[in-house]
Amino acid sequence: MKLSFKSTPLQPLHDDLFDELGLKVFIKRLDKMHSHISGNKWFKLKYNLQEAEAKGHDSILTFGGAYSNHIAATAAVGKINKIKTIGIIRGEETLPFNPVLKFAKKNGMELFYLNREQYRLKNTDEIIRELENRFDKFYLIPEGGANVLGVKGCTEIIDDIGIDFDYIFSECGTGTTLAGLSLSLKNHQLALGIPVLKGAQFLEQDIIRLMTDYKLEFGEMNDASDHINKFKLIYDYHFGGYAKSTNELDLFIAEFIKKHGVIIEPVYSGKLFFALFDMAKNNYFKPNSKIVLLHTGGTSFVNQ
Ligand SMILES: *Cc1c(COP(=O)(O)O)cnc(C)c1O
């Protein structure tokens with residue numbers, strides 16, 4: 001497997017607000033991991049790639065929307081490791097390709113489209129059988145890398161943080177990253193998740209299921225009950241839903257980039273960073289808390 005690990009910086013985030021409240025805030029720059037396999041995608045794909053290779057597969061099939069960072073990352077991983085990739089994309093083909101799909105294609109990914117109705121059924125035996133008939137044998141990675149091997153990779157994010165902290169923050173799509181984080185926390189630590197989807201209350205059960213499956217497969221214990229209190233989802237910062245934004249969020253992002261020189265964007269990291277400042281203002285955190293924000297990337301296709 002040629003997906004080499006690279007240690008990424010833990011960068012202090014200074015702001016008068018945090019000084020006033022006595023908070024110590026750090027950004028874990030997972031976005032610096034790789035230009036297109038950024039952040040959590042590297043961790044979610046690591047063991048999946050190993051498994052595909054161990055089982056002798058020469059192709060990987062996965063799913064995503066037309067703007068999916070997971071699709072781009074999988075294509076890049078395939079190219080580096082000389083393993084064929086197939087991307088099953090939600091919706092109709094639209095030409096010319098957007099930057100994500102253009103990148104996927106350039107990295108050798110074969111693209112195939114399912115209409116929204118079929119896409120909704122993508123995990124059913126019927127659709128999988130159809131895909132098997134069309135593409136022959138492949139290693140399947142669920143949408144967003146949301147399986148136990150994805151979780152296993154994400155349990156290792158904390159190993160490279162190097163300080164003791166009270167809170168670790170991540171935005172959530174499938175919640176796989178938050179599941180991995182939660183499983184690796186100490187007793188006094190809490191993982192806070194900011195869903196970027198509207199009405200994402202289902203995520204809580206999804207995360208518990210991922211943690212339970214992980215424990216059954218790799219853990220000494222039989223369930224995840226000792227870890228389900230290790231995460232909390234904050235539903236107030238979706239800004240209207242996936243890839244939706246507001247003037248307030250756009251303004252916050254522009255000011256943040258100008259002040260701190262760290263690129264964030266409106267789909268994921270912008271919502272996370274906004275949440276931190278807003279929760280701090282509302283005295284969510286006790287004085288002297290140490291807070292780590294995961295910057296999980298998603299910026300490679302910004303401004304293209
Ligand atoms: C894919 C992605 C996420 C979603 O991670 P999950 O593990 O699915 O919750 C969050 N942030 C960025 C930048 C991503 O690319």
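So if we plug the beta-carbon distance of Asp159 and Lys198 into 1/(1 + (r/R0)^6) with R0 = 30 Å, what FRET efficiency do we get, rounded to 0.05? If you can, show how the numbers build up before the last one.
Details: r = 33 Å, r/R0 = 1.11.
The formula returns an efficiency of 0.35 here.
Placing +1 at every Lys and Arg Cβ and -1 at every Asp and Glu Cβ, with all other atoms neutral, what dipole size does the chain have around its Cα centre, in debye to the nearest 20?
Details: 37 positive and 37 negative charges, 150 e Å.
It works out to roughly 720 debye.
Anyone know which of Arg29, Arg116, Arg134 comes out most mobile in the 10 Å Cα GNM of the chain?
Arg134
Return the lysines within reach of Lys106: Cα separation strictly under 18 angstrom, same-chain partners fewer than 8 residues apart disregarded; answer none if there are no such residues.
Lys79, Lys82, Lys84
Gain in length, His14 to Phe112, computed as 0.36 nm per residue apart minus the alpha-carbon separation, to one decimal in nm?
Working: separation 98, 0.36 × 98 = 35.28 nm, distance 4.53 nm.
Between His14 and Phe112, full extension yields an extra 30.8 nm.
Can I get the semi-axes of the chain's equivalent ellipsoid? Compute them from the C-alpha gyration tensor as square roots of 5 times the eigenvalues, in angstrom, largest first. Mind showing how you got there, number by number?
Working: eigenvalues 198, 99, 64 Å².
Its equivalent ellipsoid spans semi-axes of 31, 22, 18 Å.
With springs connecting C-alpha atoms under 10 Å apart, model the chain as a Gaussian network and identify which of Leu13, Leu251, Leu49 has the largest mean-square fluctuation.
Leu251
Once you place label points 7 Å from the Cα toward the Cβ at Lys290 and Asn123, how far apart are they in nm?
Computed distance between label sites Lys290 and Asn123 equals 3.6 nm.
Please name which of Thr177, Leu192, Asn69 has its Cα lying farthest along the dipole of the chain towards the positive end, using unit charges on Cβ (Lys, Arg +1; Asp, Glu -1) and the Cα centre as origin.
The one lying farthest along the dipole's positive direction is Asn69.
Using Cα springs under 10 Å in a Gaussian network model of the chain, which residue among Asp206, Asp136, Asp278 shows the largest mean-square fluctuation?
Asp136
Here, each number is a calculation from the coordinates, and none is a lab measurement. All of these numbers come straight from a predicted model, not from anything done at the bench. Every residue, glycine as well, gets a Cβ built from its backbone with ideal geometry; the counts of neighbours run over all protein chains shown.
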